[in-house]
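Everything below concerns the one structure shown next.
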Amino acid sequence: MNEFVEATKASPARTELKRYGPEQQVLARLELSGPQRRLPAQHAGIDVHGDGSTAPYVGRIRRRPLDPGAGEDAVTVVRRALLGSSGIVSPQ
């Protein structure tokens, strides 16, 4: 992954009208959906940007960014959001 981050920093994407920096480019995306196979009820994921930062979100078409709490990483934030909306009790 570090190779991709360095390559993105070296050559930012640009169009005819705008230049996109590494912090604006999505390098990789992890998407989760379920628990149903057809028409899943929940959608969430994590975007990895070109500068190596992560952005957790919920939703599919209208993504809502999730704010991490103190000391939380992106995976923990997504897990908390999904468990909170499903009514499932998290194992400790």
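The values are calculated or read from the model by the stated rules, or taken from the named source; none is laboratory data. As the structure is a prediction and not an experimental result, all values here were calculated from the model. Neighbour counts run over all protein chains shown; Cβ positions are idealised from the backbone, glycine included.
Can you say whether GLU31 is of a type in the set (Asp, Glu) and under 11 Å from the mean Cα position of the chain (by Cα), as far as the supplied structure shows? The answer is yes for GLU31.
Screening LEU32, LEU39 for residues that are more than 22 Å from ASP67 (Cα to Cα) and of a type in the set (A, V, I, L, M) leaves exactly one candidate, LEU39.
Each residue in segment 41-80 was checked for being of a type in the set (A, V, I, L, M) and at pLDDT below 90, and 3 of them qualify. Cβ-Cβ contacts under 8 Å between residues 6 or more apart (or on different chains), taken from a first residue in segment 48-70 that is free of Cβ contacts under 8 Å to residues at least 24 places away in the same chain and closer than 11 Å to ARG29 by Cα to a second residue that is assigned to a loop (DSSP other than H, G, I, E, B) and of a type outside the set (Lys, Arg), are listed as THR54/ASP73; TYR57/LEU66. Filtering segment 1-33 to residues that are assigned to a strand (DSSP E or B), at pLDDT 85 or above and of a type outside the set (A, V, I, L, M, F, W, C) leaves ARG29, GLU31, SER33.
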